[in-house]
């Protein structure tokens, strides 16, 4: 652990030093007006905290796989770093699987979850020996055929929806009555179908559920896990042997976006689970978790230069280079996804002074492109920097190509005694040539060769 630790104060100190160093070292400036910064120290420490939290509540020798939800931050260097810290990968598409493999994740530390797996995806996963959770009866039928045609080492299970309800954000509540994920356990006949599926398939050895993520209280998450555990117990009792040997409890620990504090913690969640579902931790079941946002969010920062400072209707407006292209959820649903904004001066130092109510706007050509509206901050001037905090997950790695805005460069950082801060490139800034290529540049004349019969 570094001298600052993984406390909120330690993270804030490392972040401030990184912003200043990014300006001093030329990563930020007039010609590179937006970057993403990743706190490598913080990521390592969060991974260690996750492992320690579950080690504390599980029986000695219990197999536990913490599989990072790749969708949260789909960057190969991040996956490689987490692999080094003992974290596997949960993937939900061929692209995410390719990223995990590029990062060196082994099949036995990879889990495939997706509501729309194609036959080719399933065939590849089973050939590699990757764990697969079937989402629905039709998918299980496909797996039946693949299992009959070729031997596979893949641990296989079924994803269920315990239907325990939603949280404060509907889009991230996956255990509602009508959620698209998994087999809805409370629907008529569904529970018995799941039990029968295991009775008929001795090679089904896992059970999976994921209650939700941001906006879901710990009590509801624990209830979803408890329902899943009870089903596993029922299935094994009906079969007369411990056929289900592993329960995948998903991830979804919410993140505190209101301050630098980590709340809730992995330790708090693990203890809540042990209290609600003590049998889950007695060594009879292996465990899989699929945390994403909670591992990365606090360790990422988007920093953007203030290109212009203006006033409209009596309100100050800072026009920056960070908006909907890096923070689509915040721009389109600000009530559910507000971000803290910190002001830095032109040298990358935290800005002080009286707070002024102002808008922090992005570069996209529509009026709602705002990172923050009516926010009290030290007045942002031309050449200053606005930093969007807690953006390490679902932000700068999920580019939205509005106005063909380029993807920003991403840099990891650590404190360094010699230089103050040392950076490593995680992803290069996108070039204009790349934007043209992605937009069909190689096929510029394709449509001009097509003519309606008789038009010429």
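Here residue 336 fulfils each of the conditions (1) assigned to a loop (DSSP other than H, G, I, E, B); (2) closer than 18 Å to residue 29 by Cβ apart from (2). Could you tell me which of the residues 348, 368 is assigned by TED's automatic domain parsing to the domain that holds residue 313, surrounded by fewer than 20 Cβ atoms within 10 Å (Cβ to Cβ) and under 30 Å from the mean Cα position of the chain (by Cα)? Matching residue, one of 348, 368: 368. Residues in the stretch 339-350 that are part of a loop (DSSP other than H, G, I, E, B) and in contact with a strand residue (DSSP E or B) (Cβ under 7 Å, 6 or more places away or on another chain): 339, 348. A single entry from 266, 308 fulfils the requirement of being farther than 20 Å from residue 72 by Cβ and at pLDDT 95 or above: 308.
A count restricted to the stretch 276-287 and to residues that are on the phi < 0 side of the Ramachandran plot and over 27 Å from the mean Cα position of the chain (by Cα) stands at 4. Here residue 324 passes the criteria (1) assigned to a loop (DSSP other than H, G, I, E, B); (2) in contact with a helix residue (DSSP H, G or I) (Cβ under 6 Å, 6 or more places away or on another chain); (3) outside the structural domain of residue 15 (by TED's automatic domain parsing) except the one numbered (3).
Quick check on residue 93: is it within 15 Å of the chain's Cα centre (by Cα) and at pLDDT 95 or above? Even if it seems obvious, please write down each step before you answer.
Details: within 15 Å of the chain's Cα centre (by Cα): yes; at pLDDT 95 or above: yes.
In short, yes.
The lone criterion from (1) farther than 22 Å from residue 413 by Cα; (2) in contact with a helix residue (DSSP H, G or I) (Cβ under 9 Å, 6 or more places away or on another chain); (3) at pLDDT 95 or above left unmet by residue 114 is number (3).
Looking across the stretch 415-441, the residues that are surrounded by 11 or more Cβ atoms within 10 Å (Cβ to Cβ) and out of contact with any strand residue (DSSP E or B) (no Cβ under 9 Å at 6 or more places or on another chain) come down to 419, 420, 431, 434, 435, 436, 437, 438, 439, 441. The requirement of being out of contact with any strand residue (DSSP E or B) (no Cβ under 8 Å at 6 or more places or on another chain) and either under 23 Å from residue 245 (Cβ atoms) or assigned by TED's automatic domain parsing to the domain that holds residue 178 (or both) is not satisfied by residue 134.
Out of the residues in the stretch 288-311 meeting the condition of being more than 20 Å from the chain's Cα centre (by Cα) and in contact (Cβ under 8 Å) with a residue 24 or more places away in the chain, tell me which one is surrounded by the fewest Cβ atoms within 10 Å (Cβ to Cβ).
Residue satisfying both the conditions and the ranking: 308.
Scan the stretch 92-107 for residues that are surrounded by fewer than 19 Cβ atoms within 10 Å (Cβ to Cβ) and either at positive phi or out of contact with any helix residue (DSSP H, G or I) (no Cβ under 7 Å at 6 or more places or on another chain) (or both) and the total you get is 6. Set side by side, the residues 36, 61, 42, 88 differ, and just one is modelled with pLDDT of 95 or more and over 25 Å from the mean Cα position of the chain (by Cα), which is 61. A search for C-beta distances below 9 Å between a residue of the stretch 400-422 that is more than 30 Å from residue 332 (Cα to Cα) and any residue that is part of a loop (DSSP other than H, G, I, E, B), counting only pairs 6+ apart in sequence or on different chains, returns 414/2; 415/2; 415/3; 415/4; 419/25; 421/25.
Condition first: farther than 18 Å from residue 297 by Cβ, in the same structural domain as residue 305 (by TED's automatic domain parsing), touching a strand residue (DSSP E or B) at 6+ places or on another chain (Cβ under 7 Å) and touching a residue at least 12 places away in the same chain (Cβ under 8 Å). Can you find one or more residues in the stretch 63-74 that meet it? Within the stretch 63-74 (the criterion being farther than 18 Å from residue 297 by Cβ, in the same structural domain as residue 305 (by TED's automatic domain parsing), touching a strand residue (DSSP E or B) at 6+ places or on another chain (Cβ under 7 Å) and touching a residue at least 12 places away in the same chain (Cβ under 8 Å)), the answer is no, since none of the residues qualifies. Considering only residues in the stretch 144-162 that are surrounded by 20 or more Cβ atoms within 10 Å (Cβ to Cβ) and either more than 27 Å from residue 104 (Cβ to Cβ) or outside the structural domain of residue 91 (by TED's automatic domain parsing) (or both), the one that is modelled with the highest pLDDT turns out to be 158.
The values are calculated or read from the model by the stated rules, or taken from the named source; none is laboratory data. Please read all numbers here as calculations on a predicted model, not as lab measurements. Heads up, the Cβs are rebuilt from the backbone with ideal geometry, glycines too, and the neighbour counts pull from every protein chain shown.
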